[in-house]
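The values are calculated or read from the model by the stated rules, or taken from the named source; none is laboratory data. The shown structure was predicted, so the numbers you read here are calculated from the model rather than taken from an experiment. Neighbour counts run over all protein chains shown; Cβ positions are idealised from the backbone, glycine included. Ligands, DNA and RNA are stripped out before the accessible areas are found, and what is left, the full protein with its side chains, is counted by its heavy atoms. Shrake-Rupley method; radii C 1.70, N 1.55, O 1.52, S 1.80 Å.
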Amino acid sequence: MSSFWISTKPNFDTNFPKCTSSIHCDVCIIGGGITGIVCAYYLSKAGKHVILLEQDELAYKTTGNTTAKITSQHDLFYDYLIQTFGESYAKQYLNANEQAILDIENIIQSEQIDCDFEQKSAYVFTQDPKNINSILKEVAAMKKLNFDASYIKEHIPLTLDPILGAICFPNQAQFHPRKYLEGLSKAILKNGGEIFEYSKVTKFSYNQDISTISLENGINITAPVTILATRYPFLNLPGFYFMKMYQSTSYVIGLESSKIICDGMFISCDRPNLSFRSSLVDGKKIIILAGCEHKTGTEPEVPNPYSYLESIAKKMDPHCKILYHWSTEDCISVDKIPYIGNFSTFYPNLYLATGFKKWGMTFSHIAAQILTDTILGKENSYANLFSSTRYSPIQNKEEVKNIVKESVQSLFLNKLSISELDLSSLKNGDGDVFEIKNQKLGVYRDENGKLYGVKPICSHLGCLLHFNSTLKTWDCPCHGSRYNYLGKCIYGPSNQDIPQITFSEKL
């Protein structure tokens with residue numbers, strides 16, 4: 001299920017090699033999504049010798065599956081910021097994101113990147129009378145911050161009926177993220193930076209102000225400065241970010257319609273949530289409809305999110321054509337503010353950026369500017385705003401309870417007889433966890449009845465996995481790692497597969 005962005009830009013013009021020799025550089029960046037690439041762009045432009053390492057292909061994971069809204073409107077959020085952190089903090093948060101929009105536009109112009117950049121208004125709307133007051137509070141909050149946001153009840157450019165009210169942010173933007181990052185990657189190479197794909201990092205060590213980044217093929221990259229731009233940091237200690245964040249999954253469809261379904265960017269404040277935007281391809285307008293967000297590793301609010309989104313699309317245009325299905329995942333911190341800065345006081349030259357809560361188009365640029373300024377010894381007025389070493393409480397105690405005590409180890413059996421399991425409750429196309437001889441076994445039955453088994457224990461920190469029937473993946477409810485039905489790790493923080501179990505019999 002490739003996203004619209006990957007399908008319309010499957011490959012970059014430049015081929016990036018695998019790292020096959022040890023290198024010393026000024027800055028090593030781990031992670032080839034939008035945050036890592038923008039960091040590499042800023043630092044290489046400043047004259048630093050930058051190495052960027054990506055374990056798969058550039059911009060294929062979270063960045064390749066985004067909705068690519070470039071906006072300072074992060075759902076109904078500013079009233080929360082004022083109530084929680086005060087008006088001054090909320091104003092700085094707003095200014096940082098508004099500056100990021102300008103920075104993106106300036107980069108596109110200066111590097112002459114053709115990436116379908118468009119200015120659009122952004123709306124948060126509701127179809128539920130109970131949420132009107134929340135929108136009005138957000139409008140009042142924006143007035144306190146002297147931002148030109150307006151409350152709208154009529155003529156909202158989204159053909160979803162009924163819409164009872166919305167808040168509108170003007171002068172926001174959208175683009176094609178992979179086209180944008182292709183342009184940035186060319187600029188990085190022009191600036192003397194080096195980019196490597198299929199170069200998986202397996203170990204990080206720190207000694208006498210020099211980091212050693214070890215790859216799975218035995219190659220070492222050494223650098224005085226390292227940036228973790230992996231969405232979720234794969235290092236657990238001493239940062240303890242796994243105790244301060246969770247991950248959230250959303251579902252997306254792309255559809256072709258002859259009607260003008262939407263003109264702008266939209267997100268609902270209702271449950272299940274909905275998100276809309278449009279994009280042009282070959283002269284045709286594609287509508288990107290996302291939503292049904294839920295904590296990774298738990299059940300979504302609707303039985304089949306894709307079917308739910310398709311039903312919304314068909315109500316808006318019964319003749320629309322569904323072209324794309326995909327999903328996306330991102331990290332959310334306990335206090336809903338990103339972590340940008342030092343990974344830990346114990347590693348003064350190791351930096352990270354995470355917890356963007358699905359607003360990574362602006363936060364990636366905020367993070368890149370903060371980290372670049374820090375590395376160059378410059379002050380940044382927003383650095384303290386998102387300090388990664390700030391005090392934060394651990395997650396909900398119930399989440400901690402999800403961590404099972406058993407360690408990740410090979411199952412006591414390499415082969416298991418079907419006769420030892422009662423799988424009568426398992427439907428075709430679904431999976432579940434069974435227990436046999438005090439051992440957990442994850443079983444998925446495909447649409448044809450074939451069975452696939454895994455050890456359903458996350459290879460990150462040992463949490464019991466949950467099967468996602470829509471995506472056919474084993475998902476971690478503690479920290480959000482995801483594995484396909486064969487046990488291959490497809491989303492971190494884990495970077496290891498889980499053991500696959502083969503059955504001696506088939507149904």
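Being of a type in the set (Ser, Thr, Tyr) and assigned to a strand (DSSP E or B) is the filter; apply it to the stretch 449-507 and report the residue that is farthest from CYS331 (Cα to Cα).
Let us first name the residues in the stretch 449-507 that are of a type in the set (Ser, Thr, Tyr), namely 452, 459, 469-470, 473, 481, 483, 485, 491, 494, 502, 504.
With the extra rule that they be assigned to a strand (DSSP E or B), the set shrinks to 452, 473, 483, 491, 502.
Values: TYR452: 29, THR473: 18, TYR483: 17, TYR491: 12, THR502: 33 Å.
That would be THR502.
Which number in (1) assigned to a loop (DSSP other than H, G, I, E, B); (2) under 20 Å from ILE227 (Cβ atoms) marks the one condition that THR20 misses?
THR20 satisfies all of (1) assigned to a loop (DSSP other than H, G, I, E, B); (2) under 20 Å from ILE227 (Cβ atoms) except (2).
Residue-by-condition table, conditions (1) of a type in the set (Val, Ile, Thr); (2) within 26 Å of ILE34 (Cα to Cα):
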| site | (1), (2) |
| --- | --- |
| PHE240 | no, yes |
| LYS259 | no, no |
| PHE266 | no, yes |
| ASN273 | no, yes |
| GLY291 | no, yes |
| CYS320 | no, no |
| VAL334 | yes, yes |
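Can you tell me which residue is modelled with the lowest pLDDT among those in the stretch 62-76 that are open to solvent by 10 Å² or more (accessible area, probe 1.4 Å) and in a loop (DSSP other than H, G, I, E, B)?
From the stretch 62-76, those open to solvent by 10 Å² or more (accessible area, probe 1.4 Å) are 62-63, 65-67, 69, 75-76; that's our starting set.
Now narrow it down to the ones that are in a loop (DSSP other than H, G, I, E, B): 62, 66-67, 75-76.
Values: THR62: 91, THR66: 96, THR67: 96, ASP75: 95, LEU76: 97.
The extreme case among them is THR62.
Is it the case, given these coordinates, that GLU54 is of a type in the set (D, E, K, R) and either over 24 Å from PRO233 (Cβ atoms) or over 21 Å from the mean Cα position of the chain (by Cα) (or both)? Reasoning before the result, please.
Details: of a type in the set (D, E, K, R): yes; either over 24 Å from PRO233 (Cβ atoms) or over 21 Å from the mean Cα position of the chain (by Cα) (or both): no.
Judged against the criteria, GLU54 is not a match.
Any idea which residue in the stretch 303-332 is nearest to ASP475 (Cα to Cα), counting only those that are part of a helix (DSSP H, G or I) and small (Gly, Ala, Ser)?
In this case the residue turns out to be SER307.
Looking at (1) in contact with a helix residue (DSSP H, G or I) (Cβ under 7 Å, 6 or more places away or on another chain); (2) open to solvent by 30 Å² or more (accessible area, probe 1.4 Å); (3) part of a helix (DSSP H, G or I); (4) of a type outside the set (Lys, Arg), which is the only condition THR14 fails?
(3)
From the residues in the stretch 228-249 that are modelled with pLDDT of 85 or more and assigned to a strand (DSSP E or B), which one is most open to solvent (accessible area, probe 1.4 Å)?
Checking each candidate, the answer is TYR246.
All but one of (1) charged (D, E, K, R); (2) in contact (Cβ under 8 Å) with a residue 40 or more places away in the chain; (3) farther than 15 Å from LEU352 by Cα hold for LYS203; state the number of the condition that does not hold.
(2)
Just to be sure I understand, how many residues within the stretch 26-61 are in contact with a Lys or Arg (Cβ under 8 Å, 6 or more places away or on another chain) and surrounded by fewer than 24 Cβ atoms within 10 Å (Cβ to Cβ)?
So the count comes out to 4.
Of all residues being in contact with a helix residue (DSSP H, G or I) (Cβ under 8 Å, 6 or more places away or on another chain) and buried (at least 19 other Cβ atoms within 10 Å of the Cβ) in the stretch 184-214, which is farthest from SER494 (Cα to Cα)? Just the residue, please.
Ranking the candidates gives ALA187 first.
Do you know which residues across the stretch 215-227 are part of a strand (DSSP E or B) and either modelled with pLDDT under 95 or touching a helix residue (DSSP H, G or I) at 6+ places or on another chain (Cβ under 9 Å) (or both)?
So the first thing to find is which residues in the stretch 215-227 are part of a strand (DSSP E or B), and the list is 215, 220-223, 225-227.
Listed by number, the residues that qualify are VAL225, ILE227.
Please go through the stretch 447-484 and give me each residue that is touching a residue at least 60 places away in the same chain (Cβ under 8 Å), of a type in the set (A, V, I, L, M) and under 22 Å from THR502 (Cα atoms), ordered by number.
Those that are touching a residue at least 60 places away in the same chain (Cβ under 8 Å), of a type in the set (A, V, I, L, M) and under 22 Å from THR502 (Cα atoms): LEU464, LEU465, LEU471.
In the stretch 300-350, which residue that is more than 16 Å from SER364 (Cα to Cα) and among the small types (Gly, Ala, Ser) is most open to solvent (accessible area, probe 1.4 Å)?
Going through the qualifying residues, I end up with SER307.
Name every residue in the stretch 450-463 that is open to solvent by 10 Å² or more (accessible area, probe 1.4 Å) and either at pLDDT 90 or above or closer than 16 Å to ASP430 by Cβ (or both), in order of residue number. Steps first, please.
At the first step, the residues of the stretch 450-463 found to be open to solvent by 10 Å² or more (accessible area, probe 1.4 Å) are 450-452, 459-461.
Answer for the stretch 450-463, where residues must be open to solvent by 10 Å² or more (accessible area, probe 1.4 Å) and either at pLDDT 90 or above or closer than 16 Å to ASP430 by Cβ (or both): LYS450, LEU451, TYR452.
Restricting the stretch 114-169 to residues that are among the polar types (S, T, N, Q) and part of a loop (DSSP other than H, G, I, E, B), which is most open to solvent (accessible area, probe 1.4 Å)?
Of all residues in the stretch 114-169, those among the polar types (S, T, N, Q) come to 119, 121, 126-127, 131, 133-134, 146, 150, 159.
Next, only the ones that are part of a loop (DSSP other than H, G, I, E, B) stay: 127, 146, 159.
Working: GLN127: 59, ASN146: 134, THR159: 73 Å².
Looking at the filtered set, the residue picked out is ASN146.
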